[in-house]
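The structure appears below as structure tokens.
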Amino acid sequence: QVQLVESGGGLVQAGGSLTLSCAVSGRNFHYYAMGWFRQAPGKEREFVAAIDWTDYGPMYGDSAQGRFTISRDTSKSTVTLQMRSLQPEDTADYYCAMHNTGSFYDAASYNYWGRGTQVTVSS
């Protein structure tokens, strides 16, 4: 059974940084692209970043470009999202997901999800 467990969320002041981690188990991690999405209260789930196992990745959403960095450690089966210059609009629940098929930018293309970790950025 595939399990994705996020960690690293919390409260941070505007301009600060956080690093989120996603531990993957139950499937050979090496052959799947992984993504991060976020969802703020009352808003739709938004693509943040994704990384493939080839040199094609990584990919970033507009809100993450230039501020966030996604990486993967195959030996540890983890995916990390480093976030800097955080702003109150980055406040959301952040979800790790395993890609199945289709566009990396579309949440419907991912078939396994973690439960999320909350990030709150105070002004």
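The values are calculated or read from the model by the stated rules, or taken from the named source; none is laboratory data. Predicted model, so just to flag it, every value in this text is computed and none were measured. Positions of Cβ are backbone-derived with ideal geometry, glycine not excepted, and every protein chain shown enters the neighbour counts. What goes into the accessible areas is simple: the full protein's heavy atoms, side chains included, and nothing from ligands, DNA or RNA. Shrake-Rupley method; radii C 1.70, N 1.55, O 1.52, S 1.80 Å.
Return the residues of the range 67-99 that are surrounded by fewer than 18 Cβ atoms within 10 Å (Cβ to Cβ), modelled with pLDDT of 95 or more and over 12 Å from the mean Cα position of the chain (by Cα); say none if nothing qualifies.
R67, R84, S85, Q87, P88, E89 - these are the residues of the range 67-99 that are surrounded by fewer than 18 Cβ atoms within 10 Å (Cβ to Cβ), modelled with pLDDT of 95 or more and over 12 Å from the mean Cα position of the chain (by Cα).
Looking at the structure I just gave you, is P58 under 27 Å from V121 (Cβ atoms), of a type outside the set (G, A, S) and modelled with pLDDT under 95? I'd like the intermediate steps shown before the answer.
Working: under 27 Å from V121 (Cβ atoms): yes; of a type outside the set (G, A, S): yes; modelled with pLDDT under 95: yes.
When the stated conditions are applied, P58 passes them.
Every residue in the range 20-40 that is under 17 Å from A107 (Cβ atoms) and assigned to a loop (DSSP other than H, G, I, E, B), please.
Y32, A33, A40
Being touching a Leu at 6+ places or on another chain (Cβ under 9 Å), open to solvent by 20 Å² or more (accessible area, probe 1.4 Å) and within 16 Å of A64 (Cα to Cα) narrows it down to one of G10, G15, so name that one.
The unique qualifying residue is G15.
Confirm whether L81 is touching a Gly at 6+ places or on another chain (Cβ under 7 Å) and either in contact (Cβ under 8 Å) with a residue 12 or more places away in the chain or small (G, A, S) (or both).
Here the answer is no, as L81 does not meet what is asked.
For every residue, the table says whether it meets (1) touching a residue at least 40 places away in the same chain (Cβ under 8 Å); (2) among the small types (G, A, S); (3) out of contact with any Gly (no Cβ under 7 Å at 6 or more places or on another chain).
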position: V5; (1), (2), (3): yes, no, no
position: L11; (1), (2), (3): yes, no, yes
position: L18; (1), (2), (3): yes, no, no
position: A23; (1), (2), (3): yes, yes, yes
position: N28; (1), (2), (3): no, no, yes
position: G61; (1), (2), (3): yes, yes, yes
